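Accompanying notes for the structure given below.
The values are calculated or read from the model by the stated rules, or taken from the named source; none is laboratory data. If you're wondering where the values come from, they're calculated on a predicted model, not measured in any experiment. Here the Cβ positions follow ideal geometry from the backbone for every residue, glycine too, while neighbour counts run over all protein chains shown.
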Amino acid sequence: MLRRFLRARTYDIEKATKMFHDHMNWRKEHQVDTILQDFYFTERDKFLEAYPQGYHKLDKQGRPVYIQLIGKINVPAIMDCTEEERMFKFHVQEYERCVKVIMPVCSALANRKIDQTFGIMDVRGVGISALTGDVKRMLLKFTKTDQDNYPEMLGHICIINAPAIFRMVWAVVKGMIDVRTQQKIEILGPNYMEALLKHMDMDSIPEFLGGQSKGTLLDDVGPWNDAELMARMNIDLEALRLGRHPHPQPAQQQQQLPQASSSQRLSGDFLTPQPSIAARSTRWVWGL
């Protein structure tokens with residue numbers, strides 16, 4: 001974790017140390033260490049219907065893919081189903097779940113450290129009016145929280161279906177994002193598939209974006225929700241959720257695991273939605 005703060009401050013030890021200390025104080029103030037156990041976002045499904053976002057499989061590098069359908073945000077529906085403070089806690093909880101559960105699972109699958117995500121942001125239908133008033137204020141709050149406390153977690157992001165007016169929107173949003181993050185952003189128009197396939201396999205791209213992967217953002221499709229796979233790999237999801245590092249597998253047990261090809265491991269058949277397994281996993285993640 002310290003390495004992310006060093007990278008964020010271009011390896012200036014004094015600045016990185018201050019940033020890390022500020023982060024630790026923020027964690028204590030907001031009780032972040034136990035947010036996976038203590039906070040229950042019971043309105044999750046309604047919120048995600050009003051603001052579609054979530055994880056869906058992995059990219060070719062083994063990073064978890066986070067998708068946001070910005071053009072489908074329904075602000076009145078968001079305000080009807082939740083409060084700003086609860087939405088903020090859910091935002092932080094998702095980051096904690098990524099750090100404590102999703103990334104360790106991805107690291108085990110890739111057999112190397114995975115500490116960044118790949119993002120897809122669909123901006124079809126977004127207009128300049130979407131970034132005014134309360135929406136802009138909340139976006140600023142969330143963006144600052146992300147940059148101050150979860151730096152260098154974004155590996156790359158493709159912004160797809162960007163219309164001409166998006167250049168105007170981008171001019172507004174760009175000022176909220178640090179320069180290092182700006183360099184990771186790839187803006188694509190409606191013919192985005194060729195560029196997206198450089199980063200992801202077709203069977204990892206969801207059907208609602210033109211790919212072959214079934215499941216919605218409500219389903220949280222990924223290896224972290226495949227209980228059978230986690231059992232075969234001897235990964236204790238509950239231990240990860242509590243912030244405990246799992247014990248290494250015995251060498252003999254590791255050798256007995258089925259060896260998948262690269263494409264199978266990163267986007268393979270075991271990542272297809274399994275409703276019963278996903279439902280069980282969702283219950284413990286969200287405390288339901």
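Brief remarks follow.
- Among the criteria (1) among the small types (Gly, Ala, Ser); (2) within 26 Å of residue 115 (Cβ to Cβ); (3) in contact with a strand residue (DSSP E or B) (Cβ under 7 Å, 6 or more places away or on another chain), the one residue 162 does not fulfil is (2).
- Unique match (being assigned to a loop (DSSP other than H, G, I, E, B) and more than 21 Å from residue 200 (Cβ to Cβ)) among 34, 42: 42
- Each residue in the stretch 212-235 was checked for being in contact (Cβ under 8 Å) with a residue 12 or more places away in the chain and either among the aliphatic types (A, V, I, L, M) or outside the structural domain of residue 67 (by TED's automatic domain parsing) (or both), and 8 of them qualify.
- One residue stands out in the stretch 168-192 among those that are over 20 Å from residue 140 (Cβ atoms) and in contact with a strand residue (DSSP E or B) (Cβ under 9 Å, 6 or more places away or on another chain): the one that is surrounded by the fewest Cβ atoms within 10 Å (Cβ to Cβ), namely 190.
- Count - residues of the stretch 11-21 that are more than 23 Å from the chain's Cα centre (by Cα) and either surrounded by 13 or more Cβ atoms within 10 Å (Cβ to Cβ) or in the same structural domain as residue 90 (by TED's automatic domain parsing) (or both): 4
- Residues of the stretch 81-96 satisfying the condition of being part of a helix (DSSP H, G or I) and in contact (Cβ under 8 Å) with a residue 24 or more places away in the chain: 81, 84, 86, 87, 88, 89, 90, 91, 92, 93, 95, 96
One line per residue, one yes/no per condition, for (1) under 18 Å from the mean Cα position of the chain (by Cα); (2) outside the structural domain of residue 7 (by TED's automatic domain parsing); (3) of a type in the set (D, E, K, R):
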{"residue": "170", "(1), (2), (3)": "no, yes, no"}
{"residue": "173", "(1), (2), (3)": "no, yes, no"}
{"residue": "183", "(1), (2), (3)": "no, yes, no"}
{"residue": "186", "(1), (2), (3)": "yes, yes, yes"}
{"residue": "190", "(1), (2), (3)": "no, yes, no"}
{"residue": "204", "(1), (2), (3)": "yes, yes, no"}
{"residue": "210", "(1), (2), (3)": "no, yes, no"}
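- Verdict on residue 99 being in a helix (DSSP H, G or I) and under 11 Å from the mean Cα position of the chain (by Cα): yes
- Answer from 263, 204 - the residue that is surrounded by 12 or more Cβ atoms within 10 Å (Cβ to Cβ), among the hydroxyl-bearing types (Ser, Thr, Tyr) and either farther than 14 Å from residue 109 by Cα or at pLDDT 90 or above (or both): 204
- Subset of the stretch 145-188 [farther than 19 Å from residue 10 by Cβ and assigned to a helix (DSSP H, G or I)]: 145, 166, 167, 168, 169, 170, 171, 172, 173, 174
- Residue selection: residue 8 satisfies the criterion of being over 30 Å from residue 231 (Cβ atoms) and in contact (Cβ under 8 Å) with a residue 60 or more places away in the chain.
- Answer residue from the stretch 7-18, given it is at pLDDT below 90 and outside any loop (DSSP other than H, G, I, E, B) and is farthest from residue 150 (Cα to Cα) among those: 7
- Selection status of residue 121, farther than 30 Å from residue 231 by Cβ, touching a residue at least 12 places away in the same chain (Cβ under 8 Å) and touching a Cys at 6+ places or on another chain (Cβ under 8 Å): yes
- So residue 61, is it out of contact with any helix residue (DSSP H, G or I) (no Cβ under 9 Å at 6 or more places or on another chain), modelled with pLDDT of 90 or more and not in a helix (DSSP H, G or I): no
- Checked against (1) surrounded by 19 or more Cβ atoms within 10 Å (Cβ to Cβ); (2) part of a loop (DSSP other than H, G, I, E, B), residue 112 passes all but condition (1).
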